Amino acid sequence: VSSSSISCKKKPKYVSLYTREGQDRLAVLIPGRHACECLGQKHKLINNCLECGRIVCEQEGSGPCLFCGALVCTKEEQDILQRDSNKSQKLLKKLMAGAESSGNLDAISKGLLPQQEARLKSGLEMAVKHKDKLLEFDRTSVRRTQVIDDESDYFATDSNQWLSKQEREALQKREQELRELRHASRLAKKITIDFAGRQILEEDSNMAEYHSKLDETIAAMSCGALSEPARSPGAEMTPNSGLLVNPRLLQPAPLWVDQTGLLPQRKTAHSTEAGSECGSERSRLRIQDRELQEISDDGWCLSLHQPWASLLVRGIKRVEGRTWYTSHRGRLWIAATAKRPSPQEISELEATYRMLHRKDVDFPSDYPSGCLLGCVDVTDCLSQEQFQEQYPELSQESGSPFVFICTNPQEMVLKFPIKGKHKICK
């Protein structure tokens with residue numbers, strides 16, 4: 001009998017406190033709504049109070065907040081309350097019935113706690129003040145944002161060194177007239193008294209006349225016609241008006257000189273014999289100092305795809321074609337892009353250059369990518385027509401609109417990693 005009774009006893013089940021099940025066993029849930037400070041760590045989270053921020057857990061339950069009395073409920077209960085149906089009204093009565101046990105019955109009957117009511121009242125007063133302030137700003141925006149430009153009244157009569165003696169005198173006279181027109185005496189004002197309409201009208205046409213004369217003066221100063229104030233608006237302007245800072249300069253405007261020979265000669269209205277002399281002077285001054293180029297290195301770099309980059313640095317490829325012109329002369333560093341060439345591209349390009357050179361060529365054994373390969377010297381940048389005329393033996397190497405003539409190729413022993421950019425970069 002004793003052995004059978006022992007066998008009937010169940011072995012106790014031990015639960016580890018460090019597991020999820022053990023933590024759930026430690027969290028005891030007392031029936032009813034009771035204050036809990038677990039912050040939703042031991043019990044399930046209901047929600048946060050939107051008034052005081054209290055974290056309400058399952059032990060405190062849905063209903064009035066135990067601190068401020070505001071309603072706190074789950075998301076599902078909020079969705080039901082927002083429907084404004086019979087079910088939502090029943091749920092609201094059920095949730096707010098707990099206010100009696102929490103001691104906040106007065107807050108429920110009044111709707112708000114005293115501190116809440118005072119806070120709302122002060123907030124409403126501040127909102128009304130802010131509204132009145134914004135309306136006042138909107139009402140007076142034109143008066144507050146009016147710009148008084150004193151510079152329009154100041155003609156720089158003494159400091160403008162480009163004015164001649166006659167123009168300076170004419171400008172001073174015009175300035176005096178405008179000042180008298182703007183700051184006229186009150187005795188010169190015209191006032192109309194309307195006896196039938198019982199009102200007094202003051203004619204304010206002086207400012208319109210002042211602004212029109214001011215605009216005429218400023219326009220005359222900009223075009224250099226101050227010495228002729230009586231000129232009509234439709235009269236012919238001088239050829240140099242509006243083009244130069246000092247319209248009294250006798251030197252004509254600079255002319256465009258096309259060095260590539262592609263574009264037609266640009267003809268302007270001021271093309272004279274003196275202009276052609278300026279063009280010849282400009283072409284004479286455009287000197288390329290070869291010795292200076294050999295000893296100077298400004299670090300300009302051009303990115304090329306492989307295998308063309310290695311062939312250019314090795315001297316096998318002697319020209320480089322582009323769709324754009326460059327004025328760069330001298331040392332140009334060559335960088336290989338990150339794109340790796342396929343074996344088919346390499347074999348086809350090597351066969352092409354074998355045919356162009358008409359002999360065996362020592363091609364590179366490796367075509368590295370994403371690194372600095374070496375440098376060349378750019379001696380000239382020619383258009384396709386000029387390239388065909390000056391270098392007929394190299395004409396098959398490039399059919400691009402512009403061709404860089406590259407000499408003195410130098411390959412680096414160590415290939416440093418580099419990230420190239422568009423066109424010629426520093």
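The values are calculated or read from the model by the stated rules, or taken from the named source; none is laboratory data. Keep in mind the model is a prediction, meaning the values are calculated, not measured. In this analysis, Cβ positions are derived from the backbone assuming ideal geometry, glycine residues included, and neighbour counts consider all displayed protein chains. We work out accessible area using only protein heavy atoms, side chains counted, and drop any ligands, DNA or RNA first. Shrake-Rupley method; radii C 1.70, N 1.55, O 1.52, S 1.80 Å.
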note = Label model pair Glu411, Leu181: point-to-point distance (7 angstrom along the Cα→beta-carbon line) in nm is 8.0
ask   = Given a 1.4 Å probe, how much area per residue of region 33-97 is accessible, in Å²?
value = 65
DSSP bridge pairs, region 297-417: antiparallel proportion in percent, nearest 5 = 85
remark   = Highest mean packing first, using Cβ neighbours within 10 angstrom, the peptides 394-400, 338-344, 134-140 sort as 394-400, 338-344, 134-140
note = A correct Kirkwood calculation over the Cα atoms of region 297-417 returns a hydrodynamic radius in Å of 14.7
query = Per 10 Å bin from zero, what fraction in whole % of the C-alpha pairs of region 33-97 is there, up to the bin with the longest pair?
reply = 24, 52, 22, 2
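Would you list Tyr18, Tyr391, Tyr210 from the most to the least accessible area, probe 1.4 Å?
Ranked from most to least accessible, the order is Tyr18, Tyr391, Tyr210.
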note = In this structure, the FRET efficiency calculated for Glu169 and Gln146 from their beta-carbon separation, with R0 = 25 Å, to the nearest 0.05, is 0.15
query = Which value, in debye to the nearest 20, describes the size of the charge dipole of region 33-97 about its Cα centre when Lys and Arg Cβ atoms bear +1, Asp and Glu Cβ atoms bear -1, and nothing else is charged?
reply = 220
query = Measuring from label point to label point, each 7 Å out along Cα→Cβ, what is the Ile193 to Lys213 span in nm?
reply = 2.9
note = Phi-derived 3J(HN,Hα) across region 385-401 with the Karplus relation (6.51, -1.76, 1.60, θ = phi - 60°), rounded Hz, x for Gly and Pro, is 5, 5, 5, 5, 6, 7, 10, x, 6, 9, 5, 7, 7, 8, x, 6, x
ask   = With labels modelled as points extended 7 Å from the Cα through the Cβ direction, what inter-label distance (nm, one decimal) is found for Asp24 paired with Ala127?
value = 4.6
task = Once you've got the Cα coordinates, tell me which of Lys44/Lys90; Lys165/Lys190; Lys94/Lys131; Lys133/Lys190; Lys359/Lys421 are over 30 Å apart.
result = Lys165/Lys190; Lys94/Lys131; Lys133/Lys190; Lys359/Lys421
